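Visitor: The structure follows.
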Amino acid sequence: MSSSMIVPVIDVQGNNFKELWAAIVIAIKTSSFIAIDTELSGLGSRKALLAESIEDRYKAICHAARTRSILSLGFACFKKLDDKADSTYLVQVYNLTLLCSEEYIIEPQSVQFLVQHGFDFNKQYAEGISYYKGNDKGGDAHGVNMRSLFVELLRANRPLVVHNGLIDMVFLYQCFYAHLPDRLGTFIADLSQMFPSGIYDTKYATEYELRFTASYLEYAYKKCKLENSKAIAGGGNGSHVFLEFCKYTGNMQTYIDYRPCLDNQNPDGALNVCVQFSAYGWCPNGSQCSMSHDTDLIIQHDEKTREDKRKKRKRKNKKKGSQGPSETCSSPQGKRSHFEETELDQAVPTSEHQEKTASSEPADATHAFEPGTAASMNENEESQAEASSEAPVRPKEKKAEGGTHRAGFDAFMTGYIFAHARNLTENAEESSTAPLIPACLNKLFLSGKSVPLHVAKSTFSKSSKAHVHKMDYVWGKSTAVKPEGTA
């Protein structure tokens, strides 16, 4: 059994944005759902971000979005292939390096974290795609730029998938859409109209639907991948998740960052895992920690702990001569329950919470790949052999950057978690317009709270003027966008 694969991530920056524009738009328009992730220059006061009042939290996030910036944006477009067995998706992943044209704060902690995980600030300042924040400025909403791309995302009207995504949504609004409204109710009203097909938060899904021991992004992704791989190896009658990636040719190969996602499960490996990292995906000692931060080993440790508890309970029940209740997925020793924690993954600038921080004509991009000849990555041994055979084709000078966290790959992991959760909850008789995961529709995870933030317009809230003007433009009710200052 193998769940290893290699994920091609297309690097997009200023010198190839126009060339890749058509390919990105097509991927967005033809997708079944789109997962996104951001890397940010900072978040400001962590205490304010965890305020008891959700309104106060929103104000703190707004302040961060107005004074900080998005450094990179990840898109993962998942297109379900109805002519393939089970839940098979064609996946296209893009990592956009961005550069805000306005002054913004960049925090040392964020810089340190991003550099440790392979973020290239030299490339960002030399080749980042320029954008400005707030309302549109005259005709700048047209053409090949980030605001136009965000409009294409809205027009595609696809379900949007995030992980712990409230901060992501606030930053996206401020950076590519319009000035943020002052009140949370107004923001939620705008958001519900911007994404009528729904917003799904995989952190909420992981906590409340999948009910994993931990819910930080890398843990949830590898746990889903492992479960899917075991189900495939077991040969059960249930549906499984399979992935395919485009086979990129020609000049496109020079833009690809191949991200290996290897199965490092070792039943004989040491289980001395870091409890702090195991629970939150973050450790104050970082790389200097003497305990293991290997997520595969952490999952292995959790599985062993759960199995030991099951056996212990079985022996206890047998001794009593009675049948005990079925074993549920409980937290291993040293981990807190869902609502006991104060979400330490938000106390530092992690990727999850920032768990976050001269070209060819555009038409040329449509011929850069051929979906019909997609390379299958079905997470089994046969497809892994194919992945290995494809790997030598990539240019020798193109090496994967260090670290797991990049916006593009994090978006892919987010999309995979959603695909897995969707596969487990899918009803064959439901209509094509039904919510993909009804129990998680429009529910954004709130740290330290037992209930999510519902993305639904209240009868007491009105949409912002800037949003109303922008919606008219997005849906073709007006051909011009109101310039800044008219909202």
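Visitor: Run the paramagnetic zone check for Glu209: 7 angstrom along Cα to Cβ, then residues of the stretch 35-59 with backbone nitrogen under 19 Å.
Guide: 35-37
Visitor: Could you tell me which of the pairs Lys312/Lys443; Lys133/Lys457; Lys312/Lys449; Lys225/Lys462 are separated by over 30 angstrom between their Cα atoms in the structure shown?
Guide: The answer is Lys312/Lys443; Lys312/Lys449; Lys225/Lys462.
Visitor: Distance from the Cα centre of the stretch 1-74 to that of the stretch 119-186, in angstrom?
Guide: Here the answer is 9 Å between Cα centres.
Visitor: In terms of the Cα gyration tensor, with a ≥ b ≥ c the square roots of its eigenvalues, is the stretch 187-255 rounded because a/c is under 1.5, prolate because a/b exceeds b/c, or oblate?
Guide: oblate
Visitor: At 1.4 Å probe size, with no ligands or nucleic acids counted, give the accessible surface of Glu218 in Å², nearest ten.
Guide: Here the residue's solvent-accessible area equals roughly 30 Å².
Visitor: Taking the Cα centre of the stretch 152-243 as origin, work out the dipole magnitude from +1 charges on Lys and Arg Cβ and -1 charges on Asp and Glu Cβ, in debye rounded to 20.
Guide: Result for the stretch 152-243 is approximately 320 debye, rounded to the nearest 20.
Visitor: Show which lysines lie in cross-link reach of Lys247 when reach means a straight Cα distance below 20 angstrom and same-chain residues fewer than eight apart are skipped.
Guide: Lys29, Lys79, Lys80, Lys84, Lys396, Lys398, Lys399
Visitor: Where does the stretch 85-149 land on Rg/Rh, using Cα atoms and the Kirkwood Rh?
Guide: My calculation puts Rg/Rh at 1.10.
Visitor: While we're on this one: How far apart, in nm, are the 7 Å Cα→Cβ label points at Glu52 and Arg310?
Guide: 4.2 nm
Visitor: May I pose another question? With every protein chain left in place, what is the accessible area of Asp82 in Å² (1.4 Å probe, nearest 10)?
Guide: 130 Å²
The values are calculated or read from the model by the stated rules, or taken from the named source; none is laboratory data. These numbers were taken from a predicted model, which means no experiment stands behind them. Counting neighbours? That spans all protein chains shown, and the Cβs are built from the backbone with ideal geometry, glycine included. When the accessible area is computed, the model is the full protein with side chains, heavy atoms only, and any ligands, DNA or RNA have been set aside. Shrake-Rupley method; radii C 1.70, N 1.55, O 1.52, S 1.80 Å.
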